[in-house]
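J.: Dropping the structure in here first, questions after.
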Amino acid sequence: MDSMLKSCEQVWRNCLDIIRDNVSEHSFKTWFEPIIPLRIESKVLTIQVPSPFFYEYLEEQYIDILSKTLRKI
């Protein structure tokens, strides 16, 4: 389990490195830093977000960059 946790955290860190270069610093701190990677299974990264509103906002505003970045990583 430990290695799986590390790998999902590493995948998420790699994604954050790319996302950081593509959004403003304020947006990054507000919308991406609070996300917690939980697990990765069958090429699906499960993340935890602070609230349903947060989830909806991410989906509306950042789904493109999230999905492109995850596919790349």
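Just so it is clear, none of the values below were taken in a lab; they were calculated from the coordinates. As the structure is a computational prediction, the values presented were derived from the model and not from experiment.
J.: Taking every pair of alpha-carbon atoms in the chain, what share in percent sits in each 5 Å bin, from 0 to the bin with the longest distance?
T.: 3, 16, 28, 28, 17, 6, 1
J.: HN-Hα J couplings of segment 36-46 from phi, Karplus 6.51/-1.76/1.60, θ = phi - 60°, integer Hz, Gly and Pro as x?
T.: So the Karplus estimates, Gly and Pro as x, are 10, x, 9, 6, 10, 9, 6, 6, 10, 8, 9 Hz.
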